[in-house]
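Presented below is the structure to which this report refers.
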Amino acid sequence: MAYAENPETDARAPALDRIDRKILHELQRDCSLSLARLADRVGLSQTPCWKRIRRLEQSGVITGRVALVDPARIGLGLTVFVEIEAPDHGPGWRARFAAAVAALPEVVEVWRMAGEVDYLLKVVTADMPAFDAFYLRLTETTGPKNVTSKFAMERIRDTTVYPVNTTDP
């Protein structure tokens, strides 16, 4: 697989042709597609399609295959975006923070940010009492300078599908 400089991250990213991008487009929408159906949709026979999928997995473009779950249907009705200000920016605190949030299953996303807050967490819990218990564990284990919680009222759009260009060569 050829590699190209990725201007957004300065990392070397595999060069993807239109067929690779079509495979990604289809798998993001439904990874349970049979190989025969996927190959048909992208205009390949099954063996070359499977080889491309394996190459995309081995190069780290495809990082996993999952089932998407509606959190409310499994009792997780509260989504909270938690902003964290770090007490310092040293490697020790960062490592302790990363380990602490990795051990909190309610945290489904963690982003290191630029701007007024240092970290943004997406947290899902059953309800307010469950969030309060989570909040106490979070603040006890991470020792943040400041924490601000923003409660989601309505999920208007939630997708894991990245916009892949399937038309350019």
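Some notes on this structure:
- Measuring nothing but how far apart in sequence close Cα pairs (under 8 Å, 6+ apart) lie, relative to its length, the stretch 59-169 scores a relative contact order of 36 percent.
- Acute angle (nearest 10 degrees) that the helix 46-58 long axis makes with the longest principal axis of the chain, alpha-carbon atoms: 30
- Sequence-distant aspartates and glutamates (8 or more away, or on other chains) whose Cα lies within less than 20 Å of K122: D70, E83, E85, E106, E109, D132, E140, E154, D158
- Relative contact order of the stretch 95-150: 32 percent, from C-alpha pairs under 8 Å at least 6 residues apart in sequence.
- Check: the stretch 78-169 dipole with +1 on Lys, Arg Cβ and -1 on Asp, Glu Cβ, in debye: 160
- Listed residue (T167, Q46, V80) projecting farthest to the positive dipole end of the chain, Cβ model: Q46
- Cross-link reach list, lysines versus K51, counting only Cα pairs under 24 Å and skipping chain neighbours closer than eight places: K22
- Shape category assigned to the stretch 60-165 from the gyration tensor of Cα positions, a/c cut at 1.5: oblate
- Tensor-based shape of the stretch 72-117 (alpha-carbon gyration tensor, a/c under 1.5 rounded, otherwise prolate or oblate): oblate
- For a straight C-alpha distance cut-off of 16 angstrom, no lysines are reachable from K145 once same-chain residues fewer than eight places away are disregarded.
- Cα centroid separation - the stretch 129-169 against the stretch 102-122, whole Å: 7
- Helix-derived mean residue ellipticity, 222 nm - over the chain, DSSP H n ≥ 4, -39500 (n - 2.57), to 500: -11000 deg cm²/dmol
- Among R65, R157, R37, residue whose mean-square fluctuation peaks in a GNM of the chain (springs only between Cα atoms under 10 Å): R157
- Helix 91-102 vs. the chain, principal-axis angle (Cα, 0 to 90°, nearest 10): 80
- Assuming charge only on the beta carbon of Lys and Arg (+1) and of Asp and Glu (-1), the dipole of the chain about its Cα centre is about 760 debye to the nearest 20.
No lab work stands behind these numbers, since they all come straight from the coordinates. Note that the structure is a prediction, hence the values are computed from the model and not measured. When we count neighbours, we look across all protein chains shown, and the Cβ atoms used for this are built from the backbone with ideal geometry, even at glycine.
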